Amino acid sequence: MGGLAVYSAENYFWGWISYSFGVLCLLFCVWYLIRGFRSSTLRQSILLVATVFFMTPVTAYYDDFHLAPAFFVSLYEGLLLDSGFQRGFAPILAMVIITLTFYGSARVLWGKMKRPPPVRVRPVFSSDKRRRSNM
């Protein structure tokens, strides 16, 4: 009776479903707090960093292939084990850097594609000789 409780893949699946619902509620709260910021880039960056922080997975144990949230693995190992926060913090930091790099690139490309080419505007009754010669 005092053995190690081993969780199945289905237990981890339903754990991720409920955890994702909780993170979605937290992200809604974060959005509600930052919705008044004037800069959309800042708002979107904060939401992306919060999403990556809570949703980055890492293996639950060293010898187990099941995935768990890196935030909680890092917190657990940092407080209770000698290995520190490194195993969960490194993937979170890497994913934040990658996500913000892709976000910045997408913003630049979207700005280039969205901007229309400059158009030379002429008045209807212009003094252009070509226009008057066709009358």
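The values are calculated or read from the model by the stated rules, or taken from the named source; none is laboratory data. Since this is a predicted model, take the numbers as computed values, not measurements. Please note: Cβ atoms are built from the backbone with ideal geometry, for glycine as well, and neighbour counts cover all protein chains shown.
Under the condition of being modelled with pLDDT under 95, in contact with a helix residue (DSSP H, G or I) (Cβ under 8 Å, 6 or more places away or on another chain) and either loosely packed, with under 10 Cβ neighbours inside 10 Å or hydroxyl-bearing (Ser, Thr, Tyr) (or both), the residues counted in segment 36-54 number 1.
When segment 55-66 is filtered for residues that are modelled with pLDDT of 85 or more and of a type in the set (A, V, I, L, M), the ones remaining, listed by number, are Met55, Val58.
Considering every residue within segment 41-49, establish whether at least one is among the small types (Gly, Ala, Ser) and without any contact (Cβ under 8 Å) to a residue 40 or more places away in the chain.
Looking only at segment 41-49, we keep the residues that are among the small types (Gly, Ala, Ser), and these are 45.
Then keep just the ones that are without any contact (Cβ under 8 Å) to a residue 40 or more places away in the chain; that gives none.
For segment 41-49, residues among the small types (Gly, Ala, Ser) and without any contact (Cβ under 8 Å) to a residue 40 or more places away in the chain: absent.
Is it fair to say Ser83 is small (Gly, Ala, Ser) and at pLDDT 85 or above? Lay out the reasoning, then the answer.
Working: small (Gly, Ala, Ser): yes; at pLDDT 85 or above: no.
No.
Picking from residues in segment 49-62 that are touching a Pro at 6+ places or on another chain (Cβ under 8 Å) and part of a helix (DSSP H, G or I), the one that is nearest to Trp14 (Cα to Cα) is Met55.
Residue under question is Ala60, and the condition is that it be of a type in the set (A, V, I, L, M, F, W, C), surrounded by 16 or more Cβ atoms within 10 Å (Cβ to Cβ) and within 20 Å of the chain's Cα centre (by Cα); does it hold? Spelling it out, it is not the case that Ala60 is of a type in the set (A, V, I, L, M, F, W, C), surrounded by 16 or more Cβ atoms within 10 Å (Cβ to Cβ) and within 20 Å of the chain's Cα centre (by Cα). For segment 46-79, residues that are among the hydrophobic types (A, V, I, L, M, F, W, C) and more than 21 Å from Phe28 (Cβ to Cβ) total 9.
Of the residues making up segment 63-82, those that are surrounded by 12 or more Cβ atoms within 10 Å (Cβ to Cβ) and assigned to a loop (DSSP other than H, G, I, E, B) number 2.
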